[in-house]
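Colleague: Take a look at the following structure, please.
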Amino acid sequence: MSGPPPAIAVRSLSKNFGRFPAVRDISFDVGREEIVGFLGPNGAGKTTTIKMITGLLKITSGTVWIDGLDSREHPAAIKRKLGYMSQKFSLYPLLTALENIEFFGGISGLAPAQVRRQAARLQEEVSPVILRQKVQDIPPGIRQKVALFVCLLPGPEIILLDEPTSGVDPEARRRFWGEIYGLKTGGKTLLVSTHNLDEAEYCDRILIIHNGVIVAEGEPGELLRIRKQATIEDLFQAAIRDHGQD
């Protein structure tokens, strides 16, 4: 008997903007309760891929399955399974953190009492004084923590984080990855995009994308061994170089 389907299955996925191919015929899986790092420079196709998975961008060709469901045939069911934290627009900067929680909790269908309980949970970890400040005035590390909290309000099983540590200091990045590990321990599945190559060590597997093409995929340590590279940066550069020679 075959096991359950992957949390995310991408097959021959492409996206064109006019004549420009932003994502080119890529295929990959994200297993259940797995952290997969989606690595690549800015403009490589990470955000475009994630937006196609979430349904925010129309697919040019190919298929995405979420928990065995075709994303184009079951958008409502899939929306309930996915949590998405975007790279740039996750919170309204002129609202306070608590107001953002109230707003996003409401549009997610949570009852006011549930939203208040969730807000009280966050206030156990972050000073209420900070949470009453406008988001634009909150330190980046705390802002990212609030954005992740908002992403998790509906209780998604599968979480897509697009450049979640962009613009935060190394210590805040370390703490944020601690949050990600906690989600995995709680049974969540995560696809995390980043251009910070050192974050690969936190992932169960990595996908390296360049110019819209997956140029390497696998467990970080295994990729380093097979490709005879000393560091992830060396691996990344070699994968790009080798792809350019194909």
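Every number in this text was worked out from the coordinates using simple rules, so none of it is lab data. Keep in mind it's a predicted model, so treat the numbers as computed, not measured. Backbone-built Cβ (ideal geometry, glycine too); neighbour counts: all protein chains shown.
Colleague: How much length, in nm to one decimal, is gained on full extension between ASN42 and GLN237, taken as 0.36 nm per residue of separation minus their Cα-Cα distance?
Modeller: Extra length from ASN42 to GLN237 when fully extended: 68.7 nm.
Colleague: Sticking with this structure for a sec: Rounded to whole Å and sorted largest first, list the principal axis extents of the Cα atoms in the range 8-244.
Modeller: Computed over the Cα atoms, the extents are 52, 41, 33 Å.
Colleague: Once phi is turned into θ = phi - 60°, what whole-Hz ³J(HN,Hα) does the Karplus curve with 6.51, -1.76 and 1.60 give for every residue of the range 133-138, x standing for Gly and Pro?
Modeller: Using θ = phi - 60°, the values come out as 7, 4, 4, 5, 9, 8 Hz.
Colleague: For the range 76-147, what D do you get in µm² per second when you plug the Kirkwood radius from alpha-carbon pairs into Stokes-Einstein at 37 °C and 0.692 mPa s? Walk me through the numbers before you get to the answer.
Modeller: On the way: Rh = 12.8 Å.
Value of D from the Cα-based Kirkwood radius: 257 µm²/s.
Colleague: Which of the GluC sites (Glu not before Pro) found in the range 14-93 are in a DSSP loop and have at most 14 neighbouring Cβ atoms, other than their own, within 10 Å?
Modeller: Details: sites: GLU33, GLU34, GLU73; in loops: GLU33, GLU34, GLU73.
Within the range 14-93, the qualifying GluC sites (Glu not before Pro) (loop, at most 14 other Cβ atoms within 10 Å) are GLU73.
Colleague: Now for a separate question. With a cut-off of at most 13 other beta carbons within 10 Å, and DSSP calling the residue loop, which GluC sites (Glu not before Pro) in the range 162-246 qualify? Please list them. Could you put the intermediate results ahead of the total?
Modeller: Details: sites: GLU171, GLU179, GLU199, GLU201, GLU217, GLU222, GLU233; in loops: none.
Nothing satisfies the criteria.
Colleague: Moving on. Pull up the cross-link candidates among the lysines for LYS15, meaning alpha carbon to alpha carbon under 27 Å and not fewer than 8 places away within one chain.
Modeller: Partners found: LYS46, LYS51, LYS58, LYS79, LYS81, LYS88.
Colleague: So, one more: Which distance in Å, rounded to a whole number, links the C-alpha centroids of the range 170-246 and the range 57-130?
Modeller: 25 Å
Colleague: Then there is this: Can you list the aspartates and glutamates whose alpha carbon sits under 12 Å from that of LYS134, skipping same-chain ones fewer than 8 residues off?
Modeller: Those aspartates and glutamates meeting the cut-off are GLU99.
Colleague: Summing Lys, Arg as +1 and Asp, Glu as -1, what charge do residues with Cβ under 12 Å from the Cβ of ASP198 carry, ASP198 excluded? Display every interim value, and only then the final one.
Modeller: Details: positive: ARG173, ARG174; negative: GLU199, GLU201, GLU233.
Residues near ASP198 contribute -1 overall.
Colleague: Determine, from the Cβ-Cβ distance of ARG19 and TYR92 and an R0 of 41 Å, the FRET efficiency 1/(1 + (r/R0)^6), rounded to the nearest 0.05. Don't skip to the answer; put the middle values down first.
Modeller: Details: r = 35 Å, r/R0 = 0.86.
The pair ARG19/TYR92 has a calculated efficiency of 0.70.
Colleague: So, by mean Cβ neighbours within 10 angstrom, what's the order for 86-99, 156-169 with the highest one leading?
Modeller: Output ranking for 86-99, 156-169: 156-169, 86-99.
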